[in-house]
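Engineer: Here's a structure for you.
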Amino acid sequence: MSLIINRTYQENPFWLYSGQLQTLVPGLFRKVDGITYERERLELDDGDFVDLDWVKQDAKKLVILLHGLEGNSSRQYMLSAAKYFATHGWDILAFNCRSCSEEINRNFRLYHHGETEDLKEVVNHVVASASYGEIVLSGYSMGGAMLSKYLSVNAGQLPAAIKCGISFSAPFDLEESIKWVEMRGNWIYNRLFRTRLKAKIIEKDKQFPGRLDISKIDSFDKWRDFDAAYSAALNGFGNVDDFYYDAACKNFLHDLDCPLLVVLAKNDPIVSTTCIPMELCKKHPKIKLELTMKGGHVGYSMRGKSYNWMDFRALSFAEQLI
């Protein structure tokens, strides 16, 4: 479709002057009220489960929200999107990946940026059990990469109700994004992700003794070594290169046949433009790539507003297509 430098987002308070502040302050200090979910536990074909958090108001339009790495439906960006779409007459389904709904999952494997089978089961469940005429997928960071791959690998087989995907701050190349996470100035993200994943790996060792060697869990300085020891094994890959290939939705986007909005801030501290296939996105007839000058990573604060700019942009894109 095109590459657009979107200058409509100019709303950061003046004191959020950097990408780091535009990322951290909304995530740590913003509180979104007014959303109460109804939880549904979906039993999966492999004997595991995922928890789905709903806002239902008998609408014919549904947005499925996908969180970032080690996020969940209660993250402020998820609650904000749920509130904004609900206010505009949509039903909401906030999808919690395996192990992300405050209860560890049953099976050995967890989830990752390229895992799309659980999302496929969720979508098929929704289509079979509800009468939505329009379904939109909107994802944040990892969630944006996950839905983009889902739409690509299922091209030609998607339910007719799915109208588009929307991706914010997503690393379409996980291995490239890791280089940015490992930069010295990004130590807080490095520590946060590693600490949360480490806790789950220890839980998995208790569930499945002997399948992982957790004696070395604190010895890896580089994410590649950590992923080789744990992420690849937990997700059924023989080696880390296969894991990184599968987790990079850029490797599958050429098959996409559904409209996809890709939004990335140029001052995002952990997902650079090098993390997305710029040339493919610019030339692909179904992809609309928008770069903003500000916003940070899943930030996009709006002065004096109860919503953020991602909510506004996602709804406006979705409603253009339905």
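The values are calculated or read from the model by the stated rules, or taken from the named source; none is laboratory data. If you're wondering where the values come from, they're calculated on a predicted model, not measured in any experiment. All Cβ positions, even for glycine, are placed from backbone atoms using ideal geometry, and neighbour counts span all protein chains on display.
Engineer: When the residues of the range 130-148 are filtered to those that are modelled with pLDDT of 95 or more and among the hydrophobic types (A, V, I, L, M, F, W, C), which remaining residue is farthest from residue 75 (Cα to Cα)?
Structural biologist: 135
Engineer: Which one is surrounded by the most Cβ atoms within 10 Å (Cβ to Cβ) among residues in the range 13-65 that are farther than 22 Å from residue 125 by Cβ and of a type in the set (Ser, Thr, Tyr)?
Structural biologist: 23
Engineer: Does residue 224 fit the bill of being surrounded by 13 or more Cβ atoms within 10 Å (Cβ to Cβ) and either under 20 Å from residue 274 (Cα atoms) or out of contact with any Pro (no Cβ under 9 Å at 6 or more places or on another chain) (or both)?
Structural biologist: Answer is yes for this residue.
Engineer: Please tell me if residue 96 is of a type outside the set (Lys, Arg), touching an Asp or Glu at 6+ places or on another chain (Cβ under 6 Å) and crowded, with 18+ Cβ neighbours inside 10 Å.
Structural biologist: yes
Engineer: What residue, among those in the range 1-59 that are part of a loop (DSSP other than H, G, I, E, B) and among the acidic types (Asp, Glu), is farthest from residue 254 (Cα to Cα)?
Structural biologist: Across the range 1-59, the extreme among qualifying residues is 33.
Engineer: Hey, another quick one. Determine which single condition residue 137 fails, assuming it passes every other condition in (1) within 28 Å of residue 211 (Cα to Cα); (2) in a strand (DSSP E or B).
Structural biologist: All conditions pass for residue 137, except number (1).
Engineer: Consider residue 268 against the criteria (1) surrounded by fewer than 24 Cβ atoms within 10 Å (Cβ to Cβ); (2) within 19 Å of the chain's Cα centre (by Cα); (3) acidic (Asp, Glu): it satisfies all of them except one. Which criterion is unmet?
Structural biologist: The number of the failed condition is (1).
Engineer: Hey, residue 298 hits all of (1) part of a helix (DSSP H, G or I); (2) of a type in the set (A, V, I, L, M, F, W, C); (3) at positive phi but one; which does it fall short on?
Structural biologist: Against the list (1) part of a helix (DSSP H, G or I); (2) of a type in the set (A, V, I, L, M, F, W, C); (3) at positive phi, residue 298 comes up short only on (1).
Engineer: Further question: Would you mind stating whether residue 316 is exposed (fewer than 13 other Cβ atoms within 10 Å of the Cβ) and under 30 Å from residue 79 (Cβ atoms)?
Structural biologist: Here the answer is yes, as residue 316 does meet what is asked.
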